[in-house]
Amino acid sequence: MQIIERKIAFDGHYKLSVLQVQDGPDVLRRERFEPGTAVAALVYHTGTRQYILTRQYRIGPEDEIVELAAGMVDGDEEPEAAIRREIHEELGYDVDRLERITRMLPSPGTSSEVITVFYAEVSHQSGQGGGLAEENEKIEAVSFTAEELGQARFEDAKTLVAVQWARLREAAN
């Protein structure tokens, strides 16, 4: 398969492209959602020994969900810098240690989105968190012990991946 033509069908908060794809003698039309490049982190407070996630309203499920601290990479910003910024904006913490868990494609059949998922250790809160008012963010921090995290039910894919990583890491220690 080869993409032979690309057109932007919608260019708003996110983009939607229409692609013409050559598949042997056939030409297929496909739409692709293009949200950009994202970062997310499972945040662990080394002092309280708790994981800190976020609760916020998400337009996809039209409901509040509990998920990792996350956000978009701005321009040519490095993923590590983006997640440090997002953790500070959403939770108010400075990152002590950062480890990359994975780079994932959450829905490759329809979307170009890439999410780099990290594990972040924090110990010092230097800001309020809660998100940015100018981005209309209203984010609440939610803390879990390792046991609570392992028993909680999550629906968000990046959160499921990071929580499973943490459970396997705990089991190995």
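FYI, it's all coordinate maths here, none of it is from the lab. Owing to the predicted nature of the structure, the values given are computational and were not obtained by experimental measurement. All Cβ positions, glycine included, derive from the backbone under ideal geometry; neighbour counts span all protein chains shown.
The spread of Cα positions in the chain, taken along each principal axis and listed from longest to shortest, comes to 60, 40, 30 Å. Dimensions of the range 96-151 along the principal axes, based on C-alpha atoms and rounded to the nearest Å, stand at 38, 34, 25, largest first. When you restrict to C-alpha pairs under 8 Å that are six or more residues apart and normalise by the size of the range 36-172, the relative contact order lands at 31 percent.
In the chain, excluding the sites themselves, the longest stretch lacking any of the trypsin sites (Lys or Arg not before Pro) that are in a DSSP loop with at most 13 other Cβ atoms within 10 Å is 50-137. When the chain is treated as a GNM, springs tying every alpha-carbon pair under 10 Å, which of 124, 45, 88 comes out with the largest mean-square fluctuation? Evaluated over the chain, the most mobile residue of the options is 124.
For the range 103-173, GluC sites (Glu not before Pro) are listed when DSSP marks them as loop and at most 16 other Cβ atoms sit within 10 Å of their Cβ; the list is 137, 155. Against the chain, whose longest principal axis is taken from its Cα atoms, helix 79-91 shows a tilt of about 60°. Report, to the nearest 10°, how far helix 157-172 tilts away from the longest principal axis of the Cα atoms in the chain, using its own Cα long axis and a range of 0 to 90°. The two axes meet at around 50 degrees.
Here residue 158 is the anchor, and the aspartates and glutamates within straight C-alpha reach of less than 14 Å, apart from those fewer than 8 places off in the same chain, are 67, 113.
Which residue, 111, 17, 143, has the most motion in a Gaussian network model of the chain that connects Cα atoms within less than 10 Å? Maximum among the listed residues: 17. Springs between Cα atoms under 10 Å define the GNM used for the chain, and in it the highest mean-square fluctuation of 21, 43, 95 occurs at 21.
Counting only DSSP beta bridges with both residues in the range 36-172, what percent are antiparallel, rounded to the nearest 5? So the antiparallel bridges amount to about 75 percent of the total. When each of 19, 149 is scored by the number of other beta-carbon atoms lying within 10 Å, the sequence from fewest to most is 19, 149. Of the residues 130, 16, 81, the one whose Cα sits farthest toward the positive end of the charge dipole of the chain, with +1 on the Cβ of Lys and Arg and -1 on the Cβ of Asp and Glu, is 16.
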